[in-house]
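Trainee: Okay, handing you the structure first.
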Amino acid sequence: MASSVAAVGIAVGLIGQAVGGLVKTASELPVWKSLLGVVAVILVVSLPSVILTWFKLRARDLAPILNACGWAVNRRLGFSLKLGRLFTLESVLPPGSKRCLTDPYADRKPWWFWMLLVLVVLGIASGIYFKFFCPCCKGGAEPADKPAAEAPAEPAAPAAPAPAAETPAPAAS
């Protein structure tokens, strides 16, 4: 048991050291080299499947596609140019008919969605108005009827001291 725990500890330490080395190396690389490395990893992972898909498409066999869609095709169904043209032709509408480009069976959005959208737009518009344009809501702004630029009034000169009034002398007794 002790040797297994030691082996797991060594493995975790080596994995941590490898990840640390990769992070250090990646942080020292220029951005374009890092992006080139990401593209290289994507190509290494996906290129084999792209090559296999290319060969399967070149075989021009519709049987696997039809089997995946639920059709039971037990033999090879070659995809010739004539069959390809048949599948890709646009059908002609019968005379007197017209195309309807809207889905009449599509789910309709409920009325409350539109009401909520209108309320959100009104809330944003009123918030912008009260924040930037309303004179009564600006912090410390003057009312709209006062002119914005008035010359400061000059302070009045100090009043002259009042003349001393003569008070009658107190009578001596």
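Trainee: Kindly identify segment 11-96 as rounded, prolate or oblate by the Cα gyration tensor criterion: order the square roots of the eigenvalues as a ≥ b ≥ c, call it rounded if a/c is under 1.5, otherwise compare a/b with b/c, prolate if a/b is larger, else oblate. Write down the numbers at each step before the final one.
Mentor: On the way: a/c = 3.94, a/b = 2.57, b/c = 1.53.
In terms of gyration-tensor shape, prolate.
Trainee: Which of the trypsin sites (Lys or Arg not before Pro) found in segment 41-135 are loop residues per DSSP with 10 or fewer other Cβ atoms within 10 Å of their Cβ?
Mentor: Numbers: sites: Lys56, Arg58, Arg60, Arg75, Arg76, Lys82, Arg85, Lys98, Arg99, Arg108, Lys131; in loops: Arg60, Arg75, Arg76, Lys98, Arg99, Arg108.
Passing both the DSSP loop test and the Cβ count: Arg75, Lys98, Arg99, Arg108.
Trainee: In whole Hz and in residue order, list the ³J(HN,Hα) couplings for segment 37-50 that follow from phi through the Karplus curve 6.51 cos²θ - 1.76 cosθ + 1.60, θ = phi - 60°; x for Gly and Pro.
Mentor: For segment 37-50, the Karplus curve yields x, 5, 5, 5, 5, 4, 5, 5, 6, 9, 4, x, 5, 5 Hz.
Trainee: I would also like to ask the following. Which order do Asp107, Asp61 fall in if you start with the one that has the fewest other Cβ atoms within 10 Å?
Mentor: Asp107, Asp61
Trainee: Same structure again: Based on a Kirkwood Rh over C-alpha pairs, give the Stokes-Einstein translational diffusion coefficient of segment 76-123 at 37 °C and viscosity 0.692 mPa s in µm²/s.
Mentor: Numbers: Rh = 16.1 Å.
D, rounded to a whole number, is 204 µm²/s.
Trainee: Also, quick follow-up: Sum up the charges of everything whose Cβ sits under 15 Å from the Cβ of Ala59, counting Lys and Arg as +1 and Asp and Glu as -1, but leave Ala59 out.
Mentor: Values: positive: Lys56, Arg58, Arg60, Arg75, Arg76; negative: Asp61.
Residues close to Ala59 contribute a combined charge of +4.
Any read-out appearing in this document is the output of simple, stated calculations on the displayed coordinates, not a laboratory observation. All values reported here derive from a predicted model rather than from experimental measurement. Positions of Cβ are backbone-derived with ideal geometry, glycine not excepted, and every protein chain shown enters the neighbour counts.
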